[in-house]
Amino acid sequence: MSVRVRFAPSPTGFLHIGGLRTALYNYLFAKHNDGECILRIEDTDQTRYVESAEKAIVDMCRWAGFDFDEGPEQGGKYGPYRQSERTELYQTHASILIENGEAYYAFDTSEELDRMRERQQKSGLAPKYDRTIMRNQTTLGEDETSRLLAEGEPSVIRLKVPHTGEIRFNDLVRGEVVFAARDIDDQILLKSDGYPTYHLANIVDDHLMEITHVIRGEEWLPSTPKHCILYDAFGWEKPKFAHLPLLLNPDKTKMSKRHGDVFVEDFKNKGFFAEALVNFIALCGWNPSSDREIFSMSELIEYFALEKVNKAGAIFDYKKLEWMNSQYFRSYNPSDLAPELLRILDQYDYPKVSAEYAAQVIKLLRERINFIGDIPTFGDYMFVAPKNFDEEYKSKHWQPETHGNIAPLVGMFESTVEFSHQELHDIVHAYITEKQLALKLIIHPLRLMITGKQVGAGMFETMEVLGKKETLSRMTAFLENNA
RNA sequence: GCAGCGUUCGUCUAGCGGUUAGGACACCGCCCUUUCACGGCGGCGGCACGGGUUCGAUUCCCGUACGCUGUACCA
């Protein structure tokens, strides 16, 4: 049987980075096994529904470099892929459970439930629906239940959990997991608004869509026994389960907005490359037992194995992500990145530059920064002549005799043919040899005059990219006004 | 509270009874050098604790501690 997995997000907002990792692991597992990865939208909570969320989720997965084989957009023979379009399915399946005696109607109001939980907590008991004292099919009897239903009394359908023995299942990440049946709650399956809860919808859909492996976050581990009971109640075969470790904040709590960026959009906007982000989150909780850090998507697919997924949660190390981004930054062809730099440059007041020039600037500066988006600020002087000059740098390297040492160079640079870094290098070295000067007496003043800053790429390379005209104009202007 | 899960350098991790406990990020130092980086070299730094099992435990078992998640007519 072919592998079929699903990513089943709830469309309540932007895609969380942890959600992206869950989706990615599902995708990697599916592709590693030549199987299908399905997108299913779990929009059964009307109160939390966000219109644009579904598109945002799909867009971010595409940006990250993967897509789904079936889903609301692609379609497929197991559709529809939005749970809100499958409500009848859940209702008929809930009815089957009622008829089998595996589920029952309940009429309790939320106030009554609150009071029940309060009482239980006061007496030190775990809050749990007490089937024997509440207003439901078992306490009210069949006649009364039918009467209330006929009258349109608001009702829900609850799972009749067999409260003896234990529920055990094998988790592909954690091994055998055991729960005592007595601790499992009579979960609501169908809400009074007619929509299913996650638990019912999830099981019905996974079964009908022939999902073979349920790969989801660890937060679902405690409700998995309920799902097992449901599969049994329907008489269905269970899929294999794999619960992924959580992505954590630095304080080890579940990664959340309080501690900074958590949405994929945030990382995209911040300027991270999709490949770097994917590479990084793939390695948060999984490792192919290698000393390598950099993996392409196809390599991730090739090596991915659920057996190698870690059990413990992983703190999201932003610094390491930045490092990884810098690795990708340096590996790309500058020309391919030029259009993106041009787009970023549009937000600044600099004169327009060509794509070729942009590529040269990328090549020149990328080893010094982590983000392509840092270029306009770190390398502002590549786009506009400096207005301010680093005071500390100037006082350190511009001495009374510096003007005299530098001035002759203007003419020499003027007479170059190519203005290449090699040519500039040769000229300067010949000059300092003849004048018996240390290179630093020339190179730092040049950097100051031309860039205004004390940090940057190699000076001759910088001058070459800037070009003869611009370089000389900055030098003469500085000599006249600031020296 | 109850339940489940988890615990190797600060962080991500390798390890699946015998290793000088390996790599990466971060940090520190040195080298290179035209500043800053990159790169190279080196350093710092870890098996939560206590019992077993075993000739031998980071590794297997049981406790303890700590942490996390769950405990909704949310997913």
For this session: Please identify the pairs in which a residue from segment A:250-266 that is more than 23 Å from A:CYS61 (Cα to Cα) has its Cβ atom under 7 Å from the Cβ atom of a residue that is modelled with pLDDT under 90, counting only partners at least 6 apart or on another chain.
Result: A:PRO250/A:HIS259
Exercise. Has segment A:427-441 got at least one residue that is among the basic types (Lys, Arg), over 39 Å from the mean Cα position of the chain (by Cα) and part of a helix (DSSP H, G or I)?
Worked result: yes
For this session: Under 9 Å between Cβ atoms, at least 6 apart or on separate chains: pull out the pairs that start in segment A:414-425 with a residue that is within 14 Å of RNA strand B (Cβ to nearest atom) and end on any residue that is in a loop (DSSP other than H, G, I, E, B).
Result: A:PHE419/A:GLY467; A:HIS421/A:GLY458; A:GLU423/A:THR416; A:GLU423/A:VAL417; A:LEU424/A:THR416
Exercise. For segment A:154-175, does any single residue satisfy the condition of being of a type in the set (Asp, Glu), within 9 Å of RNA strand B (Cβ to nearest atom), assigned by TED's automatic domain parsing to the domain that holds A:GLU112 and outside any strand (DSSP E or B)?
Worked result: no
Seminar exercise, completed: Residue pairs qualifying under the 6 Å Cβ cut-off, at least six apart or on distinct chains, with the first in segment A:105-120 being surrounded by fewer than 17 Cβ atoms within 10 Å (Cβ to Cβ) and the second being of a type outside the set (S, T, N, Q), are A:ARG117/A:PRO127; A:GLN120/A:PRO127
Seminar exercise, completed: How many residues of segment A:13-42 are part of a loop (DSSP other than H, G, I, E, B), modelled with pLDDT of 95 or more and not hydrophobic (A, V, I, L, M, F, W, C)? The answer is 5
Problem set entry | Single residue of A:GLU302, A:GLU322 found to be assigned to a helix (DSSP H, G or I) and within 18 Å of the chain's Cα centre (by Cα) | A:GLU322
For this session: Can you tell me which residue within segment A:451-471, out of those that are outside any helix (DSSP H, G or I) and among the aliphatic types (A, V, I, L, M), is farthest from RNA strand B (Cβ to nearest atom)?
Result: A:ALA457
Seminar exercise, completed: Of the residues in segment A:305-345, those that are surrounded by 14 or more Cβ atoms within 10 Å (Cβ to Cβ) and away from RNA strand B (no atom under 11 Å from the Cβ) come to A:LEU306, A:TYR328, A:TYR332, A:PRO334, A:SER335, A:LEU337, A:ALA338, A:GLU340, A:LEU341, A:LEU342, A:ILE344, A:LEU345
For this session: From A:ASP186, A:ASP206, grab the single residue that is buried (at least 16 other Cβ atoms within 10 Å of the Cβ), under 18 Å from A:GLN83 (Cβ atoms) and either assigned by TED's automatic domain parsing to the domain that holds A:GLY18 or at pLDDT 95 or above (or both).
Result: A:ASP206
Exercise. Pick from segment A:1-30 the residues that are within 15 Å of RNA strand B (Cβ to nearest atom) and of a type in the set (Lys, Arg): which of them is surrounded by the fewest Cβ atoms within 10 Å (Cβ to Cβ)?
Worked result: A:ARG21
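The values are calculated or read from the model by the stated rules, or taken from the named source; none is laboratory data. Source: prediction; values computed, not measured. Note that we place each Cβ from the backbone using ideal geometry, even for glycine, and neighbour counts take in every protein chain shown.
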